[in-house]
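Working notes, beginning with the structure itself.
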Amino acid sequence: YPVRRIFEVNATPIFDNEAVNGCLVVIHDITEIRRLETVRSDFVANVSHELKTPLTSIKGFVETLLEGALDDKKNNRNFLKIIQEHADRLDRLVDDLLSLSHLESKEIVLRRSDCNLYRLVEEVASGFASQLKKKGIEIKNELPQDLSLKADKARLEQVFINFIDNGIKFNKENGFIKIGSRQTDGEVRIGIEDSGIGIPQKDIPRIFERFYRVDKARSRELGGTGL
């Protein structure tokens, strides 16, 4: 208490002239092992569920088309669009799983080079131009224009893409995404803020759980996997 722990206990009697004269007890703290087993089990269950849902829909609509709906000019294209959406969802899920596996292999080599953060954010933001325009969202790049550091540009780009993508998906119409920085003792701290729905305080400790999404229905609708 207050932390729940799990122990594996082995006890062996110590004999002296055929009488028990004591006991040797070996205690192993297996809390972390059990936690990892639970995480692995939950991960497999969640992956299965995430794969099953779109596959079931794809299979159902394909069967409907084969049974005659293919000749229904009014609905067949709509069915194909739904199949395409679920196929795209599967594609995103597989990409995220591959990225996760790659990251956890710890075989990643960071290729550090001089990187201007201001220009990097501008480049990433330009890739979201159509989505930003569609929702009327403004990106406020408040990073100093001369802010440079030694870093792996590709990895930093991936981080900014994730943040800006979520900042658009879960934002309000005509909102904003603000990116700023603070420099202390040779380090740079980046802060990203948006006018979106935010994350409830009770959910913050769980945001790094695999497949965890505050609003599962909306996250799926917007294409998020929670990975």
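The values are calculated or read from the model by the stated rules, or taken from the named source; none is laboratory data. Please read these numbers as outputs of a predicted model, since none were measured by experiment. Ideal geometry is used to build each Cβ from the backbone, glycine not excepted, and the neighbour counts take in all protein chains shown. Accessible surface is based on the protein model in full, side chains and every heavy atom, while ligands, DNA and RNA are left aside. Shrake-Rupley method; radii C 1.70, N 1.55, O 1.52, S 1.80 Å.
Would you please name the residue that is most open to solvent (accessible area, probe 1.4 Å), looking only at residues in the range 10-55 that are of a type in the set (Lys, Arg) and under 19 Å from PHE208 (Cα atoms)? Among those that are of a type in the set (Lys, Arg) and under 19 Å from PHE208 (Cα atoms), it is ARG40.
A Cβ distance below 9 Å, combined with a sequence gap of six or more or placement on separate chains, defines the contacts here; from the range 127-141, residues that are in contact (Cβ under 8 Å) with a residue 40 or more places away in the chain reach residues that are open to solvent by 70 Å² or more (accessible area, probe 1.4 Å) and of a type in the set (S, T, N, Q) in the pairs LYS135/ASN174; ILE137/GLN131; ILE137/ASN174. With respect to PHE7, determine if the residue is at pLDDT 90 or above, closer than 30 Å to PHE208 by Cα and either exposed (fewer than 10 other Cβ atoms within 10 Å of the Cβ) or of a type in the set (Phe, Trp, Tyr) (or both). Yes: the conditions hold for PHE7. In the range 93-136, the residue that is nearest to the chain's Cα centre (by Cα) out of those that are loosely packed, with under 13 Cβ neighbours inside 10 Å and assigned to a strand (DSSP E or B) is ARG112.
Residues that are surrounded by 14 or more Cβ atoms within 10 Å (Cβ to Cβ) and within 22 Å of TYR212 (Cα to Cα): does the range 69-77 have at least one? Checked the range 69-77: no residue is surrounded by 14 or more Cβ atoms within 10 Å (Cβ to Cβ) and within 22 Å of TYR212 (Cα to Cα).
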